[in-house]
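For reference, the structure is listed below as structure tokens.
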Amino acid sequence: MDFAQDSVKKTRAERALWVARLAQIWHVIHAALEQGQPLPQGEITAFAETVKDLRKLLTGEQWLSVDTALADVESYLISRDPAADPLSADDLYCLAQLQLLLEKLLVGEPRQDEVELKSECIVVTQRFRLNSIQRRTEEKLAEEVENSAEHVRSEERNSLLALSQSELSLFLIVCEDHAAVIENRLHTISALALKRVFGQKSCYIFATDLESELVQDIVEVPLIALEKNSELENQITSLLKEVAESEANPSAIEPTGTVDAPVKSADVVPDRTQEFSTTHSESPYHMASQDIVDDFIDNAEKLLESLTESLLAFEKNSFQSETLDEMFRHAHTLKGTAAMLGYRVIEKLCHSMENLLDRMRKKQVSPQRNLVDVLFSGLDRLRDLISLLRTGASPVCPIDDVLQLFEKGDESHAQDAAHGGVELVLNSSVNESPDGGHSSGERSKPSDTSGSSNTSIRIDLKRLDTLVNLVGELAVDKARFARIEELMKARAGSTEFSRLMSESLLILDRHMNEAQTLIMKMRMIPISTTFSKFTRVVRDISKQSGKDVELVTVGGETELDKTMVEELYDPLVHLIRNSVDHGIESPDVRESSGKASRGTVRLSASQQGNLIFVRVEDDGRGLDVEKIRRRAIERGLIKDSDPMSHQDCVNLIFEPGFSTADAVTALSGRGVGLDVVKKNIQKLKGMIELHTEQGQGTTFTIKLPMTLALVPSLMVDAGGERFAVPLVNVIESLRISTDKIRKVGRQEFVKIRDELVPLVDLSQVFGTSERQNNQTSRSDVPTSTMAALRKSFVFVMIGSGHQRLGIIVDRLLGQQEIVIKSLGDLLGKVFGVAGGCVLEDGRVALVLDIAEVISDLSATRGGYETRAS
Amino acid sequence: MRQELLERLGPMGWGRPQERSEPRSPQSRFLVVKVAQQEFLLSVGVVREIIHAPLMTSLPRTSPEILGIISLRGEMLPVLDLDRILGLSAPSEHAPLRCLILSSARGSFGLLVDDVEEFTHLLPHELGLMTSESLAEEFRVVSSVAMDGELARPVLDIELILSTVFGERKSDGNESH
């Protein structure tokens, strides 16, 4: 214990030394500025170096946010070019403020207001960062204005000045065709003062002593005569701008045929003063880079996510004060950054929330559960405001109701207590270790994300996709080289050259694999980003439906393609809503059937090979198969006489419009959903399965590829063509003797583990043999006849949703990761084909659209009837 | 002065734009392709590249004029059979040798031909001697017939080829019926 205390003291003493060094450096900078000397750049570098040394001592999670914020300042100060990017007075003020805050925070005994000081540090560093971005943006804008097509450049200004003082008349013409010809003519009859090209249009300003009518006859384009006065430059700028705008928006302006009509700048340039002032008053940064706003949105969303998690943890863990501090810090940071960008409504709301949290911290308001609801409503409104901002709208919406709730938070609590209000039954997330054991009940603290952008950069997803595709192409190229190597070996045997080739290929292979893994990882995010949202969903739904439900999440660290994680949210919300509303019974029913009164919905994710399994399980009443059957008969989906297996009946719930709910609730029961869920999962190249036991519960299993860019596939050969079958749809592949084929009508089946699986010959379905051999159609030849030619055949059992199909192929060629490419706009959607992939020999293999192949079988040869017979 | 200026500009080739003789644009240069022992013209402007007849992957349930699909440096392109589009039945001297990669506003595609014979220049008066209405139904992808010296050669129109194989381009909603 003594050693630990000594260590802490030692660390604090070391930190104090570096903070003192910062103060010393700042003193030198300050003295230089006071004496009117230039900014001592060496001291600025020393400041950055000292910050770097200090950061080494800020270890541990509690310093993470400050450390990342300081890292940002450090990297900016070190990387900037002092000549091109001098520090402003505000920057220096930020640095001074930072030095003082660090002194308060790190020197002496730990302080009561440590949380606030940390938040202040973050806000100051963010302000420093925004200053630098803002400055760079302004410089860039100024440069852009100077180089913009509408701006009259200095050398042109001189030329215009000289011409306007001469006897010559000044004209402007705009031409779209024969620009080169017209320009040549202008050179012979006039002096050219300015030329601009806006897309298809070319503008010329020239001076000539000819009459305007004659000039027009020569150039054959309408002229605009320019007045030679002090407003000439503005007039030209306005005209150029007008042409530029008309090029960007052809309907905005009609080409004018005005001759000799002086044009006033006020006539052509709309007055935007008012528009600008409105925007400006909204936010001083609106005119700055969109990057700043995007950065703010990203950070705000992360902070809101952290606030939600903290609030749920706060509610669950009996209102621990540490969590309250954390929430306060997040709200404070959000308020600070919103204020800097001029988002007053967000700032006001955060401020009010911060006040309520502060009152709770200071025990002026006793933290109770209805206050959690008040805070949640505030978070919802903040989320709405950020969403508005993301769509490009101003973040403005009525917040008075929420502000009132915040103000009267304690009063309402008092009222509720007086009325003996029903206390909300809490259902919050429990983290469970992957081995199935519950953790000690303490949620892991949400990581501070406010400074996370310091170690990351934003990349346009399109660029990333292009990179992913290129790497996919490289993988194909690599396979081609491997094939060349094989051919070389086969023809010339093992030579020195082939040995070198093999070695190079091996190295290429290794690097390729590393690059591929890394690039694929760039798109991957843990599924917990979506899972974490469901705790709130379950909390709200169980409250609405009056049930007691616990959400258990497992395997949130499982990584999946970012797009897929986002796309998965809606289907999962639907499944979870279904589980809570239909699956889990009310507490009294559960107790009467011998179950715990609290129901459990378990949301889990795991990786198996290249596939991701996401499960939604509940321990509710399970599906009433007989009721489903009856409802399906009522709706005409099946006939009473149709013999159907248990699984066939259960799978009917994926049919469009199917619902067994007796009453439509706000949550579910309209029968809109599970078919959409299935379609959404299929769009992600995945499949969904359902397992249910009456009285025991229901499990939905979603099987997905890890990414949509590279799809693990089984390559097969059928009728001389190669096909790729996405592995996610492959259940198994078997070799079976022909005498195992069963025939019902024209349709053939094979019995696999008590299940009759329909069979089709892939080369028949795709007509590859007939195309290859240019023979007559084989579609009349039954599969069995084809198969009869062989003693045994290979088939791949594929599945989409709950449907199964066996496809007969000639050969299995092994597994391969493929890049699926669109067949192009000309072809559009081709039956049974999800796209194409390039093979190592440069040829294209078609990627099967399993859902379509299966539904085609159902549509053409009878779905349930045939399968059940 | 006006006359003087116009006279000054005239000899320098700066007459009114419509009076000047247009330089030969790419549209007046044609590729002569051979299919089933017949020669056809194709504007050079639409030809992206010429490759050897590639190995194709056939596509299910598509029109018979679509021979299959190829990958040209990673880009998926359908390949069309000109022979079949034109309904020509005369036997070819050999298997198709060349595939023309053509570009249109609707997308790029391959067109399989027996061979590429030559480039030729045609003047405006040598084009459009006969309109496609006078030709057989199979020749609906021919826009006109040109006289190249003593030879009469049909001119292929790739937009007509595309609408024959893939149907009319979908309207963007602005066109009136």
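Among the residues of segment A:366-381, those that are open to solvent by 10 Å² or more (accessible area, probe 1.4 Å) and under 34 Å from the mean Cα position of the chain (by Cα) comprise A:ARG369, A:ASN370, A:ASP373, A:VAL374, A:SER377, A:ASP380, A:ARG381.
Scan (1) under 27 Å from A:ASP295 (Cβ atoms); (2) open to solvent by 60 Å² or more (accessible area, probe 1.4 Å) for the single condition A:ASP67 breaks and write down its number. The number of the failed condition is (2).
Pairs linking a residue in segment A:60-89 that is farther than 18 Å from A:ALA46 by Cα to a residue that is of a type in the set (Asp, Glu) and part of a helix (DSSP H, G or I), with Cβ atoms under 9 Å and 6 or more positions apart or on different chains, are A:GLN62/A:GLU114; A:ALA84/A:GLU139. Checking A:VAL614, A:VAL565 one by one, the residue that is in contact with a Gly (Cβ under 9 Å, 6 or more places away or on another chain) and among the β-branched types (Val, Ile, Thr) is A:VAL614 and no other. Taking residues in segment A:626-645 that are under 18 Å from A:PRO656 (Cβ atoms), and partners anywhere that are part of a loop (DSSP other than H, G, I, E, B), the pairs with Cβ atoms closer than 6 Å and at least 6 places apart or on different chains are A:ILE628/A:THR660; A:ARG631/A:THR660; A:ALA632/A:ILE638; A:ILE633/A:ASP640; A:LEU637/A:GLU655. Of all residues in segment B:73-86, exactly one satisfies the criterion of being assigned to a strand (DSSP E or B), open to solvent by 10 Å² or more (accessible area, probe 1.4 Å) and facing another protein chain (nearest Cβ under 7 Å), namely B:MET76. Within segment A:68-86, the set of residues being of a type outside the set (A, V, I, L, M, F, W, C) and in contact with a Ser or Thr (Cβ under 8 Å, 6 or more places away or on another chain) comprises A:THR68, A:ASP72, A:TYR76, A:ARG80, A:ASP85. Do we find that A:THR188 is hydroxyl-bearing (Ser, Thr, Tyr) and modelled with pLDDT of 75 or more in this structure? Considered against the rule, which asks whether it is hydroxyl-bearing (Ser, Thr, Tyr) and modelled with pLDDT of 75 or more, A:THR188 comes out as no.
Looking across segment A:561-588, the residues that are among the aliphatic types (A, V, I, L, M) and farther than 19 Å from A:GLU617 by Cβ come down to A:MET564, A:VAL565.
Does A:LYS363 satisfy the condition of being closer than 18 Å to A:LEU117 by Cβ and open to solvent by 30 Å² or more (accessible area, probe 1.4 Å)? Against the criterion (closer than 18 Å to A:LEU117 by Cβ and open to solvent by 30 Å² or more (accessible area, probe 1.4 Å)), A:LYS363 does not qualify.
Looking across segment A:743-783 at every residue that is among the polar types (S, T, N, Q), modelled with pLDDT of 50 or more and touching a Leu at 6+ places or on another chain (Cβ under 9 Å), the one that is nearest to B:PRO60 (Cα to Cα) is identified as A:THR768. One residue alone among A:CYS175, A:CYS121 is modelled with pLDDT of 75 or more, open to solvent by less than 60 Å² (accessible area, probe 1.4 Å) and within 14 Å of another protein chain (Cβ to nearest Cβ), and that residue is A:CYS175.
The values are calculated or read from the model by the stated rules, or taken from the named source; none is laboratory data. If you're wondering where the values come from, they're calculated on a predicted model, not measured in any experiment. So basically every Cβ, Gly included, is an ideal-geometry build from the backbone, and we count neighbours across all protein chains shown. Surface accessibility is based on the protein's heavy atoms, side chains included, excluding ligands, DNA and RNA. Shrake-Rupley method; radii C 1.70, N 1.55, O 1.52, S 1.80 Å.
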